[in-house]
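The structure under discussion appears below in the form of structure tokens.
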Amino acid sequence: MFDDLRDLYQEVIFDHNRNPRNFRVMDDPDREVEGFNPLCGDRLTLYLRVADGIIQDASFQGSGCAISTASVSLMTEIVKGKTEQEAEKLFELFHKMTTGEEGEVDLEAIGKLAVLAGVREYPARVKCATLAWHTLDAALKNQEKSISTE
Ligand code: ZN
């Protein structure tokens, strides 16, 4: 990765950590799931409002490291207005991007989420970045009230 691109990515992560988007309790959510990453101590509660298969609103509360906060902030911003299937697709892409299991992911397709691609080089931080998405996955499946990355 080029240094200037890395700097830009870091700037986006710092910005989302300093000013997390959609950081609020939702009054009447359709889905509410707690996510916990014991490896780092990241905790969050994700709220979704879903109607006609579309994520109308997404917000979160909690506390965690810069990576986990930036990741959930970016995620709530990106999944708003998406269908549940589109959000699941993004979860798959994001998982591939951060774990590198299935080779390179088309960073164009993943848009702004590409700023977190660098965590792949830091295995200890991957769960910080994917916590938000595993929590979203649980919320979309609508079965569990809480998840843990361990
Ligand atoms: Zn963390």
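The values are calculated or read from the model by the stated rules, or taken from the named source; none is laboratory data. Here the structure is a predicted model, which means the values were calculated and not measured. Cβ coordinates were reconstructed from backbone atoms using ideal geometry, including for glycine residues, and neighbour counts include every protein chain displayed. Just so you know, the surface numbers come from the protein's heavy atoms only, side chains and all, with ligands and any DNA or RNA stripped out. Shrake-Rupley method; radii C 1.70, N 1.55, O 1.52, S 1.80 Å.
What's the angle, to the nearest 10 degrees (0 to 90), between helix 66-79's Cα axis and the longest principal axis of the chain? The answer is roughly 60 degrees. Against the chain, whose longest principal axis comes from its Cα atoms, helix 84-99 is set at around 30 degrees. Ignoring lysines fewer than eight residues from residue 96 along the same chain, the ones with Cα atoms less than 19 angstrom from its Cα are 112, 127. For residue 27, the accessible area of its heavy atoms, probed at 1.4 Å with every protein chain present, is near 150 square angstrom.
Per the Debye formula on identical point scatterers at the alpha carbon atoms of segment 2-143, with no solvent, log10 I(q)/I(0) at q = 0.13, 0.16, 0.19 Å⁻¹ is -0.50, -0.78, -1.11. Per-residue HN-Hα couplings for segment 22-33, Karplus 6.51 cos²θ - 1.76 cosθ + 1.60 at θ = phi - 60°, whole Hz, x for Gly and Pro? Using θ = phi - 60°, the values come out as 6, 8, 6, 7, 8, 5, 10, x, 7, 9, 8, 10 Hz.
Relative contact order for segment 2-143 using alpha-carbon pairs under 8 Å, separation at least 6, rounded to a whole percent? List each step's numbers first, then the result.
On the way: 235 pairs, mean separation 38.1, N = 142.
Once divided by the residue count of segment 2-143, the mean separation gives 27 percent.
If you take all other residues with their beta carbon under 14 Å from the beta carbon of residue 90, and give Lys and Arg +1 and Asp and Glu -1, the sum is -3.
Computed over protein heavy atoms with a 1.4 Å probe, the accessible surface of segment 60-141 works out to 42 Å² per residue.
With the simple model of a label 7 Å out from the Cα in the direction of the Cβ, residue 142 to residue 19 spans 3.5 nm.
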